[in-house]
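In what follows, a single structure is set out as structure tokens and then discussed.
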Amino acid sequence: MTGTFIDRAAPNGVPLFLSRWLAHPLRMGSVVPSSKTLCRHMARRAWPEDDGVVLELGAGTGVISRAFLEAGLPPERLVTLEIDPDLANHLRGTLRGVEVLECDARKLTEHLPERFKGRISSVVCGIPLVLLPLEEQRRFVAAMDAVAPGRGFRLFTYCITSPLPEKKLGLKGTREVWTPMNLPPASVWRYMPV
């Protein structure tokens with residue numbers, strides 16, 4: 001894909017990412033954006049079926065979104081969600097044609113535009129879910145099941161073992177990828193409802 005939908009002149013967002021991390025370290029989960037290797041793994045593993053839509057949660061500066069766009073996903077088939085207003089504004093300015101939602105993922109059913117309902121075929125998540133209490137994790141899983149029934153979600157995390165209590169959340173987790181070249185090394189876990 002060419003620079004048609006990605007503003008390559010825009011800064012990479014690292015200074016913005018660091019400033020948001022300083023403001024909300026537990027919300028960010030990492031001190032640097034994800035590596036290109038991790039982003040490419042996410043795009044390959046979570047490529048949507050047919051004309052399905054990818055939903056990215058906790059999009060940060062958009063590095064995973066860019067991996068999907070660079071791999072050829074049309075921007076109208078990508079929805080990003082970011083709770084931080086500064087990061088959401090950055091995404092709106094750098095990911096032309098991509099729907100950017102500024103909200104909490106646990107309230108996604110209230111914010112997802114009608115045109116995307118029933119079309120989400122892949123969910124990728126960069127939210128540090130391991131830091132949420134169990135009840136909030138349950139709210140997150142319920143919201144994902146509401147917008148993408150039976151699809152589950154992929155989560156990238158810095159935990160080697162499953163960061164989520166699978167049985168308590170009614171999920172089965174599989175570690176699909178480990179990327180030692182990410183800083184810090186990251187795993188991609190796929191969670192499916194049981």
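Readers should treat all values here as calculations from the given coordinates under stated rules, not as data from a laboratory. These numbers come from a predicted model, not from an experiment. Counting neighbours? That spans all protein chains shown, and the Cβs are built from the backbone with ideal geometry, glycine included.
Shown in residue order for segment 142-155 are the 3J(HN,Hα) couplings computed by the Karplus curve 6.51 cos²θ - 1.76 cosθ + 1.60 at θ = phi - 60°: 5, 5, 5, 5, 6, 8, 9, x, x, 7, x, 7, 9, 10 Hz (x for Gly and Pro). For Lys168, a cut-off of 26 angstrom between C-alpha atoms picks up these lysines, skipping any fewer than 8 places away in its own chain: Lys107. Sorting Phe156, Phe140, Phe68 from the fewest to the most surrounding beta carbons within 10 angstrom yields Phe140, Phe156, Phe68. Full extension of the chain between Thr37 and Leu132 yields a length gain of 31.5 nm, computed as 0.36 nm times the residue separation minus the alpha carbon distance.
According to the square roots a ≥ b ≥ c of the eigenvalues of the Cα gyration tensor, what is the shape class of segment 68-108, taking rounded for a/c under 1.5, prolate for a/b larger than b/c otherwise, and oblate for the remainder? Mind dumping the intermediate values first?
Values: a/c = 2.73, a/b = 1.56, b/c = 1.76.
Oblate.
Annotation: the residues Met192, Met144, Met42, sorted from fewest to most other C-beta atoms within 10 Å of their own C-beta, follow the order Met192, Met144, Met42. Here Lys117 is the anchor, and the aspartates and glutamates within straight C-alpha reach of less than 18 Å, apart from those fewer than 8 places off in the same chain, are Glu49, Asp50, Asp51, Glu56, Glu76, Glu99, Glu102, Asp104, Asp145.
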